[in-house]
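J.: One structure follows; several queries about it will come next.
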Amino acid sequence: MEVDRANVLLDSRAEDPRPENARSVSRRGIRPRAPLPAVYGYGVALLVVMISAVATKLLWDEGDHAIFTVFIGAVALSAWLGGMGPGLAATVLSETVTAFFLLPKPNSLAGVRDEVLRMLTFTFVALLTASLHAATRRAHAEHQRAREAAETASTQKDKFVAMVTHELRNPLNPVMLTVSLLESDPELPEKFREDLATIRRNLALEVRLIEDLLDLARCATGKLRLNMQRVDIREPLNAAIEVCQTELHAKQIGLQLDTGATEMTVYGDPHRLEQIFWNLLRNAIKFTPSGGRITVHASRSPMGAAQVQVSDTGIGISPDRLRMIFNAFEQGGPDIFARFGGLGLGLAISRAICETHGGSIAAASDGRDRGASFTVMLPIALPACRANDDGATGQAANGCCKDLSA
């Protein structure tokens, strides 16, 4: 099954990928508690001071230090939950309770000094706690605004990419049609035929880049459609290898294929699965020097999933780039981009497609010039799993396989 990506892209009946309602996913963190309403705040202050007075009675043997500590906690809690007003109210109540009900009346200047210091300490704790809480809330509000602005910008970027790539695709239709008509002319001189072949190759490259951008936009907006059906994973794998044969021969790269004898049926979109393997093989060919070797191994993983591993003897991946290799537009560094070019979208799209199938993809490398290995894992289809003729959007079928993407 050979995939003509140009024809797929230039099909005039292809859906318009521009999103209707772009998603905005927000992960909520721990949010600082807003101050209680005034009545409840003062009620909390009264309650915690009463509890502190009872606790002090029970801990009377600990002496004045225990009294001081318990009421400081009451003042701090009141200021944190209720704000400045309840905090100061707790200060006054704490000083009143300690001065008139718990401690003896001061008979000397030292006793008056202790009361004043205690009052100042309670006030300082109330002001400090209320100020800290207000600053925390302001910082959280600013963080929320910044995050929402970033999410809005990301959504607008996805819309922009979807619309621009859609508009870029339309002018290529008449160009490809004209090239096809000219090539079909039997009287066309050979020199012009070679020029048309060059034009077609470059058009195919542009088509491939636009198709990658479209796929990225579809993944980001949740509009990636899947034609789900039962498929032996070796079929799309062999199809991807067949498409890459010309490039393998051109660079004299040896390919060792081991698919085993056991059937590995998954529930997925054959075209999208082939796209995953095609991306991995193209990357391996691109970054493996002439005379190198690529190994493709398909097997059952220890956890029972279908596993396909693509390994090469190419330039490898540095440890600092390995964790970012599946990010969109990640090209492995300026030196890699200068040598090999490309947009850095293939692996990001492959990961998104794997996850929509309930699977996963991982990369491994021992470092620069030591090759790289990419492993795709997809859940085995259950025997009762049936094909969905209507297709699916961005998700594996429920009840047909076990989700491995987590």
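J.: Once the piece of chain linking Q245 and S154 is laid out straight, how much longer is it, given 0.36 nm per residue of separation minus the C-alpha distance between them?
T.: 28.9 nm
J.: Just to be sure I follow: if Rg is taken over the C-alpha atoms of region 215-345 and Rh is the Kirkwood radius over the same atoms, what is Rg/Rh?
T.: 0.97
J.: Whole-Hz ³J(HN,Hα) for each residue in region 202-216, computed from phi via Karplus 6.51 cos²θ - 1.76 cosθ + 1.60 with θ = phi - 60°, x for glycine and proline: what do you get?
T.: Running phi through 6.51 cos²θ - 1.76 cosθ + 1.60 with θ = phi - 60° gives 6, 5, 4, 5, 4, 4, 5, 5, 5, 5, 5, 5, 5, 4, 4 Hz.
J.: Using the basic label-point model (7 angstrom from Cα toward the beta carbon), what is the V164 to R370 distance in nanometres?
T.: Here the modelled spin labels are 3.8 nm apart.
J.: Further question on the same structure: Mind ordering 311-320, 183-192 by average Cβ neighbours within 10 Å, highest first? The partial results should precede the final answer.
T.: Details: 311-320: 18.8, 183-192: 9.0.
Listed from highest to lowest mean packing, they are 311-320, 183-192.
J.: In nanometres, what is the gap between the two model label sites at L188 and F124, each 7 Å from Cα along Cα-to-Cβ?
T.: About 8.9 nm separates the two model spin labels.
J.: Sticking with this one: What are the ³J(HN,Hα) values, in whole Hz, obtained from phi via the Karplus relation 6.51 cos²θ - 1.76 cosθ + 1.60 with θ = phi - 60°, for each residue of region 117-134 in sequence order, with x given for Gly and Pro?
T.: 4, 5, 5, 5, 5, 4, 5, 4, 4, 5, 5, 5, 5, 5, 5, 4, 5, 5
J.: Still on this structure, I have one more. Listed highest first by mean packing, meaning other Cβ atoms within 10 Å per residue, what order do 245-257, 350-362 come in?
T.: Taking the mean over residues of other Cβ atoms within 10 Å, the ranking is 350-362, 245-257.
J.: Moving on to the next point. Just to compare against my own numbers: the Cα pair-distance distribution for region 136-189, 10 Å bins, whole % per bin, please.
T.: Histogram of Cα-Cα distances, whole percents per bin: 20, 21, 17, 15, 12, 9, 5, 2.
J.: Please give the FRET efficiency for M50 paired with H140, using the beta carbon to beta carbon distance and R0 = 30 Å, rounded to the nearest 0.05. It would help to have the intermediate numbers written out before the result.
T.: Details: r = 31 Å, r/R0 = 1.04.
The value I calculate is 0.45.
J.: So between V175 and M324, what do we pick up on full extension, going 0.36 nm a residue minus the alpha carbon distance?
T.: 49.9 nm
J.: Here's a follow-up. Using 20 Å as the Cα-Cα cut-off, could you pick out the over-long pairs in K159/K223; K191/K251; K251/K286?
T.: Distance filter (> 20 Å) returns K191/K251.
J.: At what distance in angstrom do the alpha carbon centres of region 208-282 and region 352-370 lie from each other?
T.: About 14 Å separates the Cα centre of region 208-282 from the one of region 352-370.
J.: Okay, next question. Show me, for region 353-359, the HN-Hα J-couplings you get by feeding each phi into the Karplus relation (A = 6.51, B = -1.76, C = 1.60, θ = phi - 60°), rounded to Hz, glycine and proline as x.
T.: Per residue, the Karplus-derived 3J(HN,Hα) values read 5, 4, 5, 5, 8, x, x Hz.
Only the coordinates and a few stated rules stand behind these numbers; no lab work does. Quantities reported herein were computed from a predicted structural model and do not represent experimental measurements. For neighbour counting, all protein chains shown are included, and Cβ atoms are generated from backbone atoms with ideal geometry for every residue, glycine included.
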